[in-house]
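S.K.: Please read through the structure below; I'll follow up with questions.
The values are calculated or read from the model by the stated rules, or taken from the named source; none is laboratory data. The model shown is predicted, which means the values in this text are computed figures rather than measured ones. Neighbour counts are summed over all protein chains in view; Cβ atoms, including those assigned to glycine, are modelled from backbone coordinates with ideal geometry. Ligands, DNA and RNA are excluded from the accessible area calculation, which covers all protein heavy atoms including side chains. Shrake-Rupley method; radii C 1.70, N 1.55, O 1.52, S 1.80 Å.
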Amino acid sequence: MKLLLAILSIFLLAETSAAQSVTLTLDKTITLATDSSLEAFRNKNMYLASYWEYRTYQANRLPGLTLNLTPAEYYRDITKRYNSELDIDEYRKQQYFFAEGGLTVNQNLDWLGGSFYVNSNLAYHNYGENKYKQFTSIPIRIGYNQSLIGYNPFKWEKKIEPLRYEKAKKELLYNMEYVSEQATTYFFALAMAQAEYELAKENVASTDTLYQNGLQRHKIASITQADLLTLRLDAVNAKNTLQNTEIALKRAMFALASYLNFEKNTDITVHLPTRPYNMEISVDQAIQLARENNPAFLELRQQILEAQQIVDKTKKEALFNASFGASVGFNQVANNFRNAYRDLLQQDIVSVSLSIPLIDWGVRKGKYNVARNNLNVTRISAQQEELTVEEEVIMTVSDFNIQQNLILSAEEALDLAQMAYAETKQRFLIGSSDLNSLTLSLQRQQEAQRNYISALQNYWLSYYKIRKLTLHDFETGISLSHTFDYKHGIQ
C-alpha cells in the first residue's frame, strides 16, 4: 500500500511539474493575455456595462406595458366633517378600505418628444360602518402628453446613445490592443532576462575555461601574474553576474505569469519571434484610419453633442415652458363589479399648462451663457486633442518604419559580434590575442545580443501601438472592428 501511494505521489508530482512549465511565443502570449488576463477581464466587463446601457436605451424606444397595483389600503381615524344643519365642524370616526389595479401601455415618440399611452383601471372603495361600497372603472383610455416648446430629451438620446455604444465597442478593441502592447512588454522583458541569463551561464563556462588555460600558460610564463589574477577575477565576477541574472529572470518570469493570470510558480520559456516582413505604413493612411476608428475621436464627438444638448436645454428653459395633454376614454361607477362596466360614460380630458418666468434676476440667462461658453471650450479642447492623437500617430508610424531597418542592422551586428568573439577566444587560447581584446570582444557580443532583442521589442511595440491607435490590421488590410465578434468575443 505504501509503495502504491509512493508511486501515485511520484506521478502526481511529475504531472504538477509538467503543468507548471510552459513555452510561449509572442503570438501565444498575446492570445493568452487578451483572453485570460485580469486586464482583459476588466475591459470586457466595462464593455458589457455599456452594452446593457445601450440595450436599455433601445428598450425605452419600444412600447412598455406596466401593471400598477394597490392590493389593499386600509385606515381608521378621526376626521373632521362640516355639519350643514348645525353649521359646525364635527369630528367623526371613519374607516376606509381601498384597492386598485391598472394596466398601462406607453410609447415614447422621439421626433415629437411626447408620450402616447393606453390604459385601463379598476378601483374598489368601502367606507366601513355605513356599508357603502363603490366600483370605479376606466375600461380604456387613450391619451397623449407633449411639451410644446420645451426641451426634447428623446431627440438628443437618439443622437448620443448610438454614438456612446459605438465608442464603447471601439474602446474594447483599443483596450485589447493595449493589452497586446503590455503583453509584448512583459514578453520581451522576460526574453531579455532569459538572454542575459544564458549569456551569464556561457560567460561562467568561458571564464572558467580561460582561467584554467591561464594557469597552464602561467606555469610556462606565457602570461603575467596580473593577467592570471584578472582571469580569476573575471571568473568570480561571472558567477556573481549569473546569480544576479537568475534573480532578474525569476522576477521577469513572475511578472509575465501574473499578467497572464498563471500560477505564480510557472516556469516560462519564451521564443523570440523571427525577423518580421518588411511593411511600410503610410502616415496619411494611419491618420485617416485613426480618425475613423480611434475611440478618442468618438469621445470628442460625444462631448460636443452633450454640450450642445445642455445649450439646447438651457436655451428653451430660459423662455417659458408649455405642455399639452389630452385623453379620451370611458368610465363608470357602480355598487357592484358587473355594473361598473355597463352603460359606460365618455371621459374627455384636455389640459394646457404654462410656466412663465417673470423675475428670476438673470438666473436662466446665466445658465444659458455658461452652457454656450462650455460648448466653445469643448470644441477648442476637441481640436487640441485631435492634434495630439494625430501627432502620436505620426511619431509612432515613423518609429515603426525606422525599426525595420534597425532590426536588419542589429541582426547583422549580432552575427558579426558572435563570429568575432569566437575568433578572438580561439586566438587567446593559442596565445595570439591578449586579454583586453578578449574582454572587449565579449562585451561587444553581449551588447549586440541586447540590441537585437531591444530592436525586436521596439518593432513589435510600435506595431501594436499603431494597431491600437488605428484599430486596423495592416497585415490583412482589414479593420479590427469588422473582424471582431462582439457577441462571442466577450464571453
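S.K.: Quick check on the stretch 199-210. Is at least one of its residues among the hydroxyl-bearing types (S, T, Y) and either farther than 23 Å from L414 by Cβ or at pLDDT 80 or above (or both)? Full working, then the answer.
M.R.: Start the filter on the stretch 199-210 by keeping residues that are among the hydroxyl-bearing types (S, T, Y), which leaves 206-207, 209.
Those left that are additionally either farther than 23 Å from L414 by Cβ or at pLDDT 80 or above (or both): none.
Within the stretch 199-210, none of the residues are among the hydroxyl-bearing types (S, T, Y) and either farther than 23 Å from L414 by Cβ or at pLDDT 80 or above (or both).
S.K.: Is it the case, given these coordinates, that Y165 is at pLDDT 90 or above, part of a helix (DSSP H, G or I) and either in contact with a His (Cβ under 6 Å, 6 or more places away or on another chain) or open to solvent by 50 Å² or more (accessible area, probe 1.4 Å) (or both)? Before the answer, list the steps.
M.R.: Working: at pLDDT 90 or above: yes; part of a helix (DSSP H, G or I): yes; either in contact with a His (Cβ under 6 Å, 6 or more places away or on another chain) or open to solvent by 50 Å² or more (accessible area, probe 1.4 Å) (or both): no.
It is false that Y165 is at pLDDT 90 or above, part of a helix (DSSP H, G or I) and either in contact with a His (Cβ under 6 Å, 6 or more places away or on another chain) or open to solvent by 50 Å² or more (accessible area, probe 1.4 Å) (or both).
S.K.: While we're here: Name the single residue, out of those in the stretch 410-433 being in contact (Cβ under 8 Å) with a residue 40 or more places away in the chain and open to solvent by 30 Å² or more (accessible area, probe 1.4 Å), that is farthest from L469 (Cα to Cα). If you could, list the steps in order and put the result at the bottom.
M.R.: The initial filter retains those residues of the stretch 410-433 that are in contact (Cβ under 8 Å) with a residue 40 or more places away in the chain, namely 410-411, 425, 428-429, 431.
Checking which are open to solvent by 30 Å² or more (accessible area, probe 1.4 Å) leaves us with 411, 425, 429, 431.
On the way: E411: 29, K425: 48, L429: 54, G431: 57 Å.
Among residues in the stretch 410-433 that are in contact (Cβ under 8 Å) with a residue 40 or more places away in the chain and open to solvent by 30 Å² or more (accessible area, probe 1.4 Å), the one farthest from L469 (Cα to Cα) is G431.
S.K.: Kindly provide the set of residues from the stretch 111-145 that are at pLDDT below 85, closer than 21 Å to S327 by Cβ and open to solvent by less than 30 Å² (accessible area, probe 1.4 Å), ordered by number.
M.R.: Listed by number, the residues that qualify are G113, G114.
S.K.: Right, another one. Any residue in the stretch 170-190 that is among the charged types (D, E, K, R), open to solvent by 30 Å² or more (accessible area, probe 1.4 Å) and not in a helix (DSSP H, G or I)?
M.R.: no
S.K.: Tell me which residues, restricted to the stretch 42-77, are in contact (Cβ under 8 Å) with a residue 60 or more places away in the chain and among the hydrophobic types (A, V, I, L, M, F, W, C).
M.R.: Across the stretch 42-77, the qualifying residues are M46, L48.
S.K.: Hey, could you check the stretch 221-263 for residues that are in contact (Cβ under 8 Å) with a residue 60 or more places away in the chain and open to solvent by 40 Å² or more (accessible area, probe 1.4 Å) and say which is nearest to L199 (Cα to Cα)?
M.R.: D234
S.K.: Follow-up. For the list (1) open to solvent by 10 Å² or more (accessible area, probe 1.4 Å); (2) under 30 Å from A322 (Cβ atoms), I need the number of the one condition that I160 fails.
M.R.: Single failed check for I160: (1).
S.K.: Residues of the stretch 74-118 being in a strand (DSSP E or B) and of a type in the set (A, V, I, L, M), which ones? Break it down into steps so the answer makes sense when it comes.
M.R.: Looking only at the stretch 74-118, we keep the residues that are in a strand (DSSP E or B), and these are 74-83, 88-109, 114-118.
Scanning the stretch 74-118 gives I78, I88, A99, L103, V105, L109, V118.
S.K.: State which residue is farthest from the chain's Cα centre (by Cα) when the search covers only the stretch 434-459 and only residues that are open to solvent by less than 30 Å² (accessible area, probe 1.4 Å) and hydrophobic (A, V, I, L, M, F, W, C).
M.R.: For the stretch 434-459, the residue satisfying everything is L435.
S.K.: Would you call I287 assigned to a helix (DSSP H, G or I) and β-branched (V, I, T)?
M.R.: Values: assigned to a helix (DSSP H, G or I): yes; β-branched (V, I, T): yes.
When the stated conditions are applied, I287 passes them.
S.K.: Would the stretch 455-468 turn up any residue that is in a helix (DSSP H, G or I) and of a type in the set (G, A, S)? Write out each step before concluding.
M.R.: Residues of the stretch 455-468 in a helix (DSSP H, G or I): 455-468.
Pick out the ones that are also of a type in the set (G, A, S) and you get 455, 462.
Checked against the condition, which is being in a helix (DSSP H, G or I) and of a type in the set (G, A, S), the stretch 455-468 yields at least one hit.
S.K.: If E423 passes every condition in (1) within 48 Å of the chain's Cα centre (by Cα); (2) assigned to a helix (DSSP H, G or I); (3) acidic (D, E) but one, which one does it miss?
M.R.: So the condition that E423 fails would be (1).
S.K.: Pairs only if they're at least six apart or on different chains, beta carbon under 9 angstrom, first in the stretch 11-37 and closer than 29 Å to W460 by Cβ, second open to solvent by 90 Å² or more (accessible area, probe 1.4 Å) and modelled with pLDDT under 75; list them, first residue then second.
M.R.: Qualifying pairs under 9 Å: none.
S.K.: Okay, next question. Can you tell me how many residues in the stretch 469-488 are touching a residue at least 24 places away in the same chain (Cβ under 8 Å) and either more than 16 Å from N294 (Cβ to Cβ) or assigned to a helix (DSSP H, G or I) (or both)? Break it down into steps so the answer makes sense when it comes.
M.R.: Filtering the stretch 469-488 for residues touching a residue at least 24 places away in the same chain (Cβ under 8 Å) gives 469-472, 474-475, 479-481, 484, 486.
When the remaining residues are screened for being either more than 16 Å from N294 (Cβ to Cβ) or assigned to a helix (DSSP H, G or I) (or both), the result is 469-470, 475, 480-481, 486.
Total satisfying the criteria: 6.
S.K.: Now, a different point. Need pairs with beta-carbon distance below 6 Å; first residue open to solvent by 50 Å² or more (accessible area, probe 1.4 Å) and modelled with pLDDT of 90 or more and within the stretch 364-385, second part of a helix (DSSP H, G or I) and not aromatic (F, W, Y); sequence gap 6+ or separate chains.
M.R.: N374/A307; E385/L300
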